[in-house]
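In what follows, a structure is listed as structure tokens, so that the remarks can point back to it.
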Amino acid sequence: MRHFAVIGAGITGITTAYALRQRGYAVTVIDRQRYAAMETSFANGGQLSASNAEVWNSWATVLKGIKWMLTPDAPLLMNPKPSWHKYSWMAEFLANIPNYRANTVETTRLAIQARKYMFEIAAREGIDFNHEKRGILHIYRDKASYDGAAEVSKLYAAGGLPRRAVTPAEMRALEPTLHGDYYGGFYTESDSTGDIHKFTRGLADAAVRQGVRFVSEASVDMVEHIGTGVRIGWSVAPADENAEPTRETLVADGVVVCAGIGSRDIAAKLGDRVNIYPVKGYSITVMLDDEASQKAAPWVSLLDDKTKIVTSRLGADRFRVAGTAEFNGENRDIRADRIRPLVDWTRKLFPGVSTARVVPWAGLRPMMPSMMPKVDAGKLPGVFYNTGHGHLGWTLSCVTAEMIAEKIAAAMPVETPAGATVHAFPRKAA
Ligand SMILES: Cc1cc2nc3c(=O)[nH]c(=O)nc-3n(C[C@H](O)[C@H](O)[C@H](O)COP(=O)(O)OP(=O)(O)OC[C@H]3O[C@@H](n4cnc5c(N)ncnc54)[C@H](O)[C@@H]3O)c2cc1C
């Protein structure tokens, strides 16, 4: 039986490990955190949204972005400090503008397929992740942005996604708790929401039950191809703080890199260029502690086009509000001036919701300049990637895991051919 290592225990790593195990591979997941889903897959916007499949590579977005850079509280924030990584990424982002239509249609198609796999997995493994199948409503305050969205609807339709235009009165009927004046909206009934952290942790538990091994608190700093497989290494902090760290390695027949914003460095060690940039976003989880707040918070998920804020209701007592794209390198600070607009937005649109207790969070979207995830083999045999899902990793995770598992099954079938070196499932990582 072939043995694969998966680097990263976020949503992409766990779905990949599960898909490989389902096909009979021995699988070891390695992560620098103690538990699964502790980085970007921790507290995101929660939307399983084919209706957010539009890639950002368009001149309209670039022009808006320039305007936003000069506006305080805008959804986009850029640290102008020069960095080769940032500017090379931006150049590639612009070079992908001609692919806007094709990539939007393809992402829509993938997002629709992804749902099927996710719902099947959740049912099979009995995972409760506060899944709400109540659709996603995009809201617009002016004619120009509404008309722009109508054009995007045509691309979604080409990808197989129907969404319908709704009047302000229909918007209120769909979500009676919503306050404010709107020009109109678009409603995608087939979209849904759920808690990414709960799903990932639930699936990690299922994977363990099925024999997947986990090596945690292992920050991979060495990956090398050894001809017959891949050797992966990390340091282990000693119990005695005065002692030297020790080294551990694991050899597997192949590796799938699912390391989020860490994938770029790991890819470089394997001779591949995977130009992921960390695009920071923020969320607040509004704790709906009293009955009045629970009644005043929406159940239908929203995307506010002007502020680029998304929402999800996570059960009766939690309301998630997320937004912002900040280009500031690998910076995880939770900035008060970015949390404030999320709280203010909640107060304005849902005045009956108490914001006395909100939990702020920041995460780094692992974004490719094309906005398309890298789901492919690397240059060296046995090296694969399922990473770089950007703003849509939760939505796309279950389909890209299937895609990469299928590619692996075609290139390296689960049974090791006679005479080949076997990097068996290790009894312990050593
Ligand atoms: C504010 C915000 C809102 C969002 N809202 C939505 C939404 O509504 N819908 C949607 O579809 N998507 C959304 N996203 C995007 C989605 O959350 C991400 O695309 C997804 O979580 C990325 O998953 P991942 O597995 O690639 O990365 P991660 O979850 O970050 O997992 C990568 C893992 O790799 C590990 N790792 C990295 N480097 C190493 C190393 N060297 N050694 C060992 N381990 C390593 C990390 O510890 C981590 O556990 C949002 C993101 C943000 C920030």
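Worth pointing out:
- For Asp290 and Thr421, the difference between the fully extended length at 0.36 nm per residue and the C-alpha to C-alpha distance is 41.0 nm.
- For the range 55-113, the gyration tensor built on C-alpha atoms gives a prolate shape. Its axis ratio a/c (a ≥ b ≥ c) is at least 1.5, and a/b is the larger of a/b and b/c.
- Computed over protein heavy atoms with a 1.4 Å probe, the accessible surface of the chain works out to 42 Å² per residue.
- When you restrict to C-alpha pairs under 8 Å that are six or more residues apart and normalise by the size of the range 3-425, the relative contact order lands at 26 percent.
- Three-way shape label, the range 379-427, alpha-carbon gyration tensor, a/c 1.5: prolate
- Gained length - Lys379 relative to Ser88, 0.36 nm times residue gap less alpha-carbon distance: 102.6 nm
- Extension gain for Glu151 to Val359 (0.36 nm times residue separation, less C-alpha to C-alpha distance): 71.3 nm.
- Its alpha carbons give the range 3-425 an Rg and a Dmax of 21.6, 70 Å.
- Selection from Ser397, Ala410, Asn328 lying farthest towards where the dipole of the range 290-430 points positive, charges on Cβ: Asn328
- Label reach from Met69 (point 7 Å along Cα→C-beta): in the range 325-341, amide nitrogens under 15 Å belong to 325-329.
- When the residues Asp195, Asp73, Asp376 are ordered by accessible surface, computed with a 1.4 Å probe over the protein chains alone, the sequence from largest down reads Asp73, Asp376, Asp195.
- Short-range pairs are left out: with C-alpha atoms under 8 Å and at least six residues apart, the relative contact order of the range 121-259 is 23 percent.
- By accessible area with a 1.4 Å probe, ligands and nucleic acids excluded, highest first: order of Met69, Met118, Met403: Met69, Met403, Met118
- Packing around the peptides 364-372, 43-51, taken as the average count of other Cβ atoms within 10 Å per residue, puts them in this order, highest first: 43-51, 364-372.
- Counting only protein heavy atoms and a probe of 1.4 Å, the accessible surface of the chain is 55% carbon and sulfur.
- Accessible surface ranking for Asp272, Asp265, Asp290, 1.4 angstrom probe, highest first: Asp265, Asp290, Asp272.
- Label-point separation in nm, Trp299 to Glu106, each point 7 Å along Cα→Cβ: 3.8
The values are calculated or read from the model by the stated rules, or taken from the named source; none is laboratory data. Just so we're clear, the structure is a prediction, and the values are computed from it rather than from any experiment. We place every Cβ from the backbone using ideal geometry, glycine too, and count neighbours over all the protein chains shown. Accessible surface is based on the protein model in full, side chains and every heavy atom, while ligands, DNA and RNA are left aside. Shrake-Rupley method; radii C 1.70, N 1.55, O 1.52, S 1.80 Å.
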